[in-house]
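The values are calculated or read from the model by the stated rules, or taken from the named source; none is laboratory data. Keep in mind that what you see is a predicted model, and the values were worked out from it rather than measured. Quick reminder, even Gly has a Cβ in these numbers, built from the backbone with ideal geometry, and neighbours come from all protein chains shown. These accessible areas exclude ligands, DNA and RNA; they are computed on the full protein's heavy atoms, side chains included. Shrake-Rupley method; radii C 1.70, N 1.55, O 1.52, S 1.80 Å.
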Amino acid sequence: MSGKIETMSARYRWTVASRVAAAALGGYALTSAATVVLTLLWPLPKAQALLAASMLSFVLYTIVVLWAFHCRSLRRVWTVMALGTAMLALAAWSLGAGGAA
Amino acid sequence: MKETLRQTAAWLHTWVGLVAGWLLFFVFVTGTAGYFEREITRWMQPERPLEIAPPAFEPAALATLAMNRLEQVAPVAASWSITLPHQDGSKRAWTDFSIRWEEMPQPGHSFGASTRERLDPATGAVLPPEAEPRETSGGFGLYRMHYQLHYLPYQWAIRIVGIATMLMLLAIVSGVITHKKIIRDFFTFRPGKGQRSWLDAHNAVSVMALPFFLMITYTGLVFFLFEYMPAGRDVLYGTGDANADVYYEELYGDHEHAAISRPAASIAPLITQAEKAWGKGNLAGIAVERHPGEPAEIVLSRVASGIEYYSPAQLHFNADTGARLPDEPREGGTALATAEVMYALHEGQFVNIGGRWLYFAAGLLGCGMIGTGLSLWASKRRRRHLSEGREADEHFGIRLVEILNVATIAGLPLAVAGFFWANRLLPVEMTDRAAWEFHCLFAVWLGTLFYALGRPLRQAWSELLWATSGAFALIPIVNALTTDRHLGVTIAHGDWALAGFDLTMLGLGAAFGLTARKVTTRLRPQTPPAEAAIPSPLPSTLKESRA
């Protein structure tokens, strides 16, 4: 917003592109993994827990994307997305996901 | 991006809104029309009879007629169901007296073939199918485009709309964060101040129906839940249709049916009980079915209404003895109940006519929110561009947005009017007539894009808005010239669904006319530069906008 459109450097454009990718794709991966963990933790019959957790996922995705654009450090955004997804996936695996797949 | 949350949210709001804006405008226009989908379809099929209430009837007598017919055509079946003449909670239209039966499924299938027949309420005789009206896409076609677009494979289209919807959710949340003084901003309007007026209008329109926008966006995502967020189901149930079926069976309960035949219990006392519980006229239908290993049941269902539109109340009886059975526990628990409330809220099927107009108005405000937002983007940047003294050096991005804005905001409504014209003017016997109604819509829309490219921006706005106004206002006249379902007939018969369509078209014509007049005066080039201190951005903006 602040910079003039015409004076934006190529470097700035790449940073924005990277941040958009981190927010959209990284955020989606993180949200997906969190949805699986939430389903496994929710004390409801499996099908209902899945429906409840999946319906909530868009709230989570919104928050993650807002944070991704707010966080100062782009490196930090990517780290959180990657590590967070990995850790949640690990948690899902240890909670017994994939048994039915 | 080393800024406060409010600043980053404002940045996000601006760009997310721009990227998704035009598609969302299309979704809002077609979705808003969808709130009157049935009425639009009726108007687009003028061959159908005028709406009349069925003569008074005795539910028990109709139930007996229906069972006689069912026993004749399907003595043994997976299920029988009888629909009594009724209006749902919205009181929009009558549902006819009809029966349906499901044959026992073939081995390896969960459902058997299902057949429906309309019956004469007086004699129980099978009625021939209704007179075939002209082929039309109807209101349903218009409504369906708000999630499956057109000319695109379904799976692509719903994902494109899904991404736009997610961007809309982000735009709404970031838009709210941006506003420190959301209440004060709501009451602020500074007319005649160019960009600031656009901002005030955008704020007012957006806040006015904010709960509706949040609701409609979020529930829209929930409609395609596992297309948009498949991770949980893919991991826990596996991918593919067969696994999805396992999930739905767990959620909704087993569909399995054992064979039934005509119940021994007399139906009349059961109907009396239902009428006692729900009041007369609130019985929508009767079903006979049987879970494996249990006695057959007669299930009486209440008319769909209110927030439980998708799972109306039921009474269960033993089909052999007529004894009342305990209510079946609702499948799916709170999670499914929540999802069903979300579907009901999104579609608004349950509201009465006043509520329907409120939905329609909120949808129009949504179009207004998106339209003012897009105009604000262009007006702000055009002013900055000019204030930097760069009139000669055309900015491709700003010009592109300006053209897409006119072609979308003024052009799409014109195209929708063209869709209705096509319904009346295309030859009735034309092959692929329904598809051609859509081709007309998109041809007009494409035409407005070329028009916007070829005319100076100011003229493009004003001329396209005038054309839209005229196109809507003339629809009742075209209707009167081509059918006998015009205002003179429909008002006289009190058929307010059909009359309401024509009257709404006149209303839209008037609204676009007012907008056109306003825009024409506002955008008229002024004699500069007396008011250079506070440049009114729109006129100066648009004057030079043609490269």
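Given H placed on each backbone N at 1.01 Å, which residues far from B:Ser79 in sequence or on other chains put an amide H within less than 5 Å of it?
Amide H neighbours of B:Ser79: B:Glu102.
In whole Å, how far is the Cα centre of the range B:99-131 from that of the range B:380-414?
58 Å
Quick one: which residues, 5 or more positions from B:Ala313 or on another chain, have an amide H under 5 Å from its amide H? H modelled 1.01 Å from N in the peptide plane, none for Pro or chain starts.
B:Arg302
In sequence order, what are the phi-derived ³J(HN,Hα) couplings for the range B:38-55 according to the Karplus relation 6.51 cos²θ - 1.76 cosθ + 1.60 with θ = phi - 60°, rounded to whole Hz, with x for glycine and proline?
My calculation for the range B:38-55 gives 5, 5, 5, 4, 4, 5, 7, 10, x, 6, 6, x, 5, 6, 9, 6, x, x Hz in order.
Test of understanding: what is the full-extension gain from B:Arg324 to B:Ala60, defined as 0.36 nm times their sequence separation minus their Cα-Cα distance? Let's see the in-between values first.
Working: separation 264, 0.36 × 264 = 95.04 nm, distance 1.74 nm.
The span from B:Arg324 to B:Ala60 would gain 93.3 nm if fully extended.
Hey, if we sort B:Trp80, B:Trp156 by accessible area with the 1.4 Å probe, largest down, what's the order? Don't jump to the answer; show the numbers that get you there.
Details: B:Trp80 5, B:Trp156 165 Å².
Largest to smallest exposure gives the sequence B:Trp156, B:Trp80.
Taking only protein heavy atoms into account and a 1.4 Å probe, give the accessible area per residue of the range B:96-157 in Å². Walk me through the intermediate numbers first.
Values: 3690 Å² over 62 residues.
Spelled out: the 1.4 Å probe surface of the range B:96-157, per residue, equals 60 Å².
If the chain between A:Tyr12 and A:Ser94 were fully stretched, how many nm would it gain, using 0.36 nm times the residue separation less the Cα-Cα distance?
On the way: separation 82, 0.36 × 82 = 29.52 nm, distance 4.08 nm.
Taking A:Tyr12 through A:Ser94 to full extension adds about 25.4 nm, to one decimal.
If you scale each eigenvalue of the Cα gyration tensor by 5 and take the root, what three semi-axes come out for the range B:1-119, rounded to whole angstrom and sorted largest first? List each step's numbers first, then the result.
Numbers: eigenvalues 481, 108, 36 Å².
Each semi-axis is the square root of five times an eigenvalue, giving 49, 23, 13 Å.
Relative to 2.2 N^0.38 Å, what does the C-alpha radius of gyration of chain B come to as a ratio? Two decimals please. Mind showing how you got there, number by number?
On the way: Rg = 27.6 Å, N = 547, 2.2 N^0.38 = 24.1 Å.
Against the empirical 2.2 N^0.38 Å value, I get 1.14 for chain B.
For the protein assembly as shown, how big is the tail of P(r) above 35 Å, as a whole percent of Cα pairs?
On the way: 110087 of 209628 pairs.
In whole percent, the long-distance tail amounts to 53.
Which value in nm describes the separation of the simple spin-label points at B:Ala244 and B:Thr123, placed 7 Å from the Cα toward the beta carbon?
Result: 4.5 nm between the two label points.
Rolling a 1.4 angstrom probe over the protein chains, ignoring ligands and nucleic acids, what is the accessible area of B:Ile160 in square angstrom, nearest 10?
The accessible area comes out at roughly 70 Å².
Calculate the length of the line joining the C-alpha centroid of the range A:32-89 to that of the range B:1-70, in whole Å.
The distance from the Cα centre of the range A:32-89 to that of the range B:1-70 comes to 31 Å.
Given a 1.4 Å probe and heavy atoms of the protein chains only, how would you sort B:His493, B:His179, largest accessible area at the top? Before the final figure, lay out the partial values.
Values: B:His493 125, B:His179 50 Å².
Greatest to least solvent exposure: B:His493, B:His179.
What total accessible area, in Å², is buried where chains A and B meet, using a 1.4 Å probe and rounding to the nearest 100?
Numbers: alone 7380 and 27210 Å², together 30700 Å².
Rounded to the nearest hundred, the buried surface is 3900 Å².
For the range B:381-478, what does the accessible surface come to per residue with a 1.4 Å probe? Please give it in Å².
Values: 4000 Å² over 98 residues.
For the range B:381-478, the solvent-accessible area averages 41 Å² per residue.
How large is the helix-only mean residue ellipticity at 222 nm for chain B, computed as the sum of -39500 (n - 2.57) over DSSP H runs with n ≥ 4, divided by its residue count, in deg cm²/dmol to the nearest 500?
On the way: 22 runs with 319 residues, N = 547.
The helix-only estimate for chain B comes to -19000 deg cm²/dmol at 222 nm.
Over chain A, what per residue volume does the convex hull of the Cα atoms give, in whole Å³? Show your work: numbers first, answer last.
On the way: hull volume 10.5 nm³, N = 101.
Value for chain A: 104 Å³ per residue.
How much of the accessible area of chain B, in percent, comes from carbon and sulfur atoms when a 1.4 Å probe is used? Don't skip to the answer; put the middle values down first.
On the way: 15820 of 25310 Å².
Solvent-exposed carbon and sulfur of chain B make up 63 percent of the total.
Find the relative contact order for chain B and round it to a whole percent, using C-alpha pairs within less than 8 Å whose residues are 6+ positions apart.
On the way: 804 pairs, mean separation 99.1, N = 547.
RCO, chain B: 18 percent.
Angle between the Cα long axis of helix B:411-425 and the longest principal axis of chain B, 0 to 90 degrees, nearest 10?
It is inclined by approximately 50 degrees.
Give, ordered by residue number, each residue of the range B:203-242 whose 1.4 Å probe accessible area is reduced by a minimum of 20 Å² on adding the remaining protein chains to the chain alone.
B:Tyr218, B:Leu221, B:Leu225, B:Phe226, B:Tyr228, B:Met229, B:Ala231, B:Gly232, B:Val235, B:Leu236, B:Tyr237
In whole Hz and in residue order, list the ³J(HN,Hα) couplings for the range B:161-176 that follow from phi through the Karplus curve 6.51 cos²θ - 1.76 cosθ + 1.60, θ = phi - 60°; x for Gly and Pro.
Working through the residues one at a time gives 5, x, 5, 4, 5, 5, 5, 5, 4, 4, 5, 5, 5, 5, x, 5 Hz.
What order do B:Phe350, B:Phe57, B:Phe28 take when sorted by accessible area (1.4 Å probe), most exposed first? Walk me through the numbers on the way to the answer.
Values: B:Phe350 45, B:Phe57 70, B:Phe28 20 Å².
Sorted by accessible area, descending: B:Phe57, B:Phe350, B:Phe28.
If I compute solvent accessible area with a 1.4 Å probe over the protein chains, what percent of it on the range A:5-94 is carbon and sulfur?
Numbers: 3450 of 4670 Å².
Of the solvent-accessible surface of the range A:5-94, carbon and sulfur hold 74 percent.
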